[in-house]
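Take a look at the structure set out below.
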Amino acid sequence: MARCKERTRREASLLHLFFFILGALTAVFLLVSSERWRRGHLTDDDDAAAVPSSSEVVDGGGGGEWGMVRTRSAQFVVGDGGRPLYVNGFNTYWLMVLAVDPSTRGKVTEVFQQAAAIGLTVCRTWAFNDGGWRALQKSPSVYDEDVLKALDFVVSEARKHKIRLILSLSNNWDDYGGKAQYVRWAKAAGVANLTSDDAFFSDETVKGYFKDHLTAMLTRVNTYTGVAYRDDTTIMAWELINEPRCASDPTGNTLQAWIQEMAFHVKSVDPAHLLGIGSEGFYGPSSPPARRRANPNADAVHTGTDFIRNHRILGVDFASVHVYPDTWLPAGATKEDQVRFATSWVEAHIADAEGALGGMPVLFTEFGVSTTKAGAAFDATTRDAFIEAVYGAMLRSTRRGGGGAGALLWQVFPEGTEYMDDGYAVVLPRAAATARIVAAHSRRLQTFNSRCAWSCRWGCNKWDPQGDDADVGLHHER
């Protein structure tokens, strides 16, 4: 009987131990599950403590991944799981030129450091300078190796600071050479009947020059990293031309054919990277009347561009739009008029990217207003209100997983470069209020991106408006 009782006590002890271990394992499971739930349902007040840095978000939620950005429907995505990527970015067009001179090269690093500190993750800059001072391309297919190395440095420094680049490859305007320089080269070579700079879009010799430039840039091997540009994941996208216009053919047919031809050429050399046009977003003759009325002035419809038609071209991966109410709207437009226009302009293009374009990300690759030009309606304070209005329109799209993929402020300067200011410069160390607005928007986008990285194992494009994450619009597929 004593032996039976002893055996019973041992069995009871083993049973108690079993349930203790089971309870401990259950507690650990609940703790881990709770942490996962907490990470997927943070409030905005938790952002600073719980959201990873911008570099971790861009890297794929802390997974150390720095892959090519791709598109999926109306979103940019990154990583093997295709996590949505909404970006807050900036323009600093002169990086390559300042990187040529060792005495100013540090300004490149400085602007990247300052931009990264407030969560900016994409920079748009020039990968062209045709003829003239510090020319990248001195004549057709003849390059200055020192300037090429300067661009290599820009790409290398961007990667160090986890900032992706959109590299623009030519200019509609005369600055940095532009299409006019290509036409001058062709005239000097004896090509006849080049009656305007718009021959850039139609003359076979000029188009050949530009295709050679595209090939040279896409296949360039970076002397700092040893990585070919077409393989470099630091480059988010190529842009064909800054603000293309072809007023000599207001039907838009000439520019349409040029975009088709150049997009095919780029993709034949570099199918991996995204490609944008660089357009301002004007609605042309083939657009619906309601959209043509959305243009900022009566001349916009005659610029030879057409937002919807141009972005239906095979090989163009995302839509690009600019926002300049202070230069586009008729004289006398008030600050309030300009802010209202900017908001409606952004919303119209997001709607068209999602609808008429069949689901395509749209980047507002330049937006800004001047505070120093003669007759400027804005000062530093009211400019901040304009920036917040654009960010607000973008965030409304982000909250529903929409096509408003990002906006890039024109333009960010470090101290000591104000001599290059075109009236739109934001010098971050001297614009604390603006920097706070930009940083706050970066945090909101980081929250969305990181929540997707942590929680959205099946993608992020359906919103549960009743969920705890409705405040920033986390879109789970359930």
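A few comments on the model shown:
- Put D299, D198 in order of accessible area, highest first, and with a 1.4 Å probe you get D299, D198.
- Computed over protein heavy atoms with a 1.4 angstrom probe, the accessible surface ordering of T434, T219, largest first, is T219, T434.
- Sequence-distant lysines (8 or more away, or on other chains) whose Cα lies within less than 18 Å of K160: K107, K149
- Heavy-atom accessible area per residue - region 268-409, 1.4 Å, Å²: 35
- Taking all protein chains into account, the per residue accessible area for region 164-258 stands at 36 Å² (1.4 Å probe).
- Computed 3J(HN,Hα) for region 346-360, one whole-Hz value per residue from the Karplus formula 6.51 cos²θ - 1.76 cosθ + 1.60 where θ = phi - 60°, is 5, 5, 5, 6, 5, 4, 6, 5, 7, x, 4, 8, x, x, 9, glycine and proline marked x.
- Hypothetical label at D146: residues of region 105-121 whose amide nitrogen lies under 16 Å (7 Å Cα-Cβ projection): 105-106
- Where labels lie 7 Å past Cα in the beta-carbon direction, separation of F264 and D80 in nm: 3.7
- Within the accessible area of region 186-257, the carbon and sulfur atoms contribute 47%, probe 1.4 Å, all protein chains present.
- Cβ-Cβ distance of T219 and S344, R₀ of 30 Å, FRET efficiency by 1/(1 + (r/R0)^6): the value works out to about 0.10.
- Accessible surface of D306 - all protein chains present, 1.4 Å probe, nearest 10 Å²: 10
- In Å², nearest 10: area of R312 left accessible to a 1.4 Å probe: 150
- With θ taken as phi - 60° and the Karplus curve 6.51 cos²θ - 1.76 cosθ + 1.60 applied, the whole-hertz 3J(HN,Hα) list for region 152-163 is 4, 4, 4, 5, 5, 5, 4, 4, 4, 9, 6, 10 Hz, x standing for glycine and proline.
- Contact order, relative form, for region 233-359: 27 percent (alpha carbon pairs under 8 Å, 6 or more residues apart, mean separation divided by residue count).
- Percent accessible area from carbon and sulfur atoms, region 298-347, protein chains only, probe 1.4 Å: 55
- FRET efficiency, D299 to A432 (Cβ-Cβ, R0 35 Å, nearest 0.05): 0.35
- If R0 is 41 Å, the Cβ-Cβ spacing of R70 and W133 corresponds to a FRET efficiency of close to 0.65.
The values are calculated or read from the model by the stated rules, or taken from the named source; none is laboratory data. Note that the structure is a prediction, hence the values are computed from the model and not measured. No Cβ is skipped: glycine too gets one built from the backbone with ideal geometry, and neighbour counts run over all protein chains shown. Please note that ligands, DNA and RNA were not included when accessible areas were found on the heavy atoms of the full protein model with its side chains. Shrake-Rupley method; radii C 1.70, N 1.55, O 1.52, S 1.80 Å.
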